[in-house]
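Visitor: Just passing along the structure, written as C-alpha cells.
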C-alpha cells in the first residue's frame with residue numbers, strides 16, 4: 001500500500017459535486033416534476049422537509065462514497081481513463097443494479113428507476129474521472 005495515492009481535496013470536490021449534480025438532475029427543466037410524481041410527493045411534503053438534515057447527511061454520505069472510490073483508485077498507475085471506467089463500473093455494475101433490485105421489490109416504476117439510476121451512474125462516472133485525473 002506504499003504506492004497509495006489519495007487526493008483529499010479531490011475527494012471533497014467529489015462530495016460537493018454530488019450536490020451540484022443533484023441540483024441540476026432534479027431541477028424543474030430536467031426531472032423534478034416526473035421524480036416528484038413517481039414518488040407521489042406533494043409540494044406540501046417537500047416544503048415540510050428538513051433541508052439541513054437532508055443536504056447535510058447527503059453530503060456526508062457522498063463524502064464517504066467518494067473516499068471509498070478513492071481507495072479503490074489509489075494505485076499510482078490510475079489515470080483518468082481507468083478512473084472514469086472504474087467509476088462507471090461501480091455506478092452501473094454495483095450501485096445502480098442494487099438500487100434497481102430494491103426498486104423492483106418496492107414496485108417502483110421504470111421512470112423512477114431510470115431517473116435515480118441515471119443520477120447514480122453519472123455521479124460515479126464523474127467522480128471516478130475526477131479522482132483518476134486529479135492525482
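Visitor: Could you name every one of the helices (runs of 4 or more DSSP H) located completely within the range 15-76 that has at least 1 residues being surrounded by 11 or more Cβ atoms within 10 Å (Cβ to Cβ) and touching a helix residue (DSSP H, G or I) at 6+ places or on another chain (Cβ under 6 Å)?
Guide: Once the helices (runs of 4 or more DSSP H) in the range 15-76 are filtered for at least 1 residues that are surrounded by 11 or more Cβ atoms within 10 Å (Cβ to Cβ) and touching a helix residue (DSSP H, G or I) at 6+ places or on another chain (Cβ under 6 Å), what remains is 32-38, 51-72.
Visitor: While we're on this one: So, of the residues in the range 2-14 that are in contact (Cβ under 8 Å) with a residue 12 or more places away in the chain and outside any helix (DSSP H, G or I), which turns out to be nearest to residue 69 (Cα to Cα)?
Guide: 6
Visitor: Please work out which residue is farthest from the chain's Cα centre (by Cα), limiting yourself to the range 104-135 and to residues that are assigned to a loop (DSSP other than H, G, I, E, B) and exposed (fewer than 15 other Cβ atoms within 10 Å of the Cβ).
Guide: Out of the qualifying residues, it is 107.
Visitor: Being surrounded by fewer than 18 Cβ atoms within 10 Å (Cβ to Cβ) and assigned to a loop (DSSP other than H, G, I, E, B) is the filter here; which residues of the range 77-103 pass it?
Guide: 77, 79
Quick note: the coordinates plus some simple rules give every number you see, no bench work behind them. Remember, it's a predicted structure, so these values are computed and weren't measured experimentally. Glycine also receives a Cβ, built like all others from the backbone with ideal geometry; neighbour counts cover every protein chain displayed.
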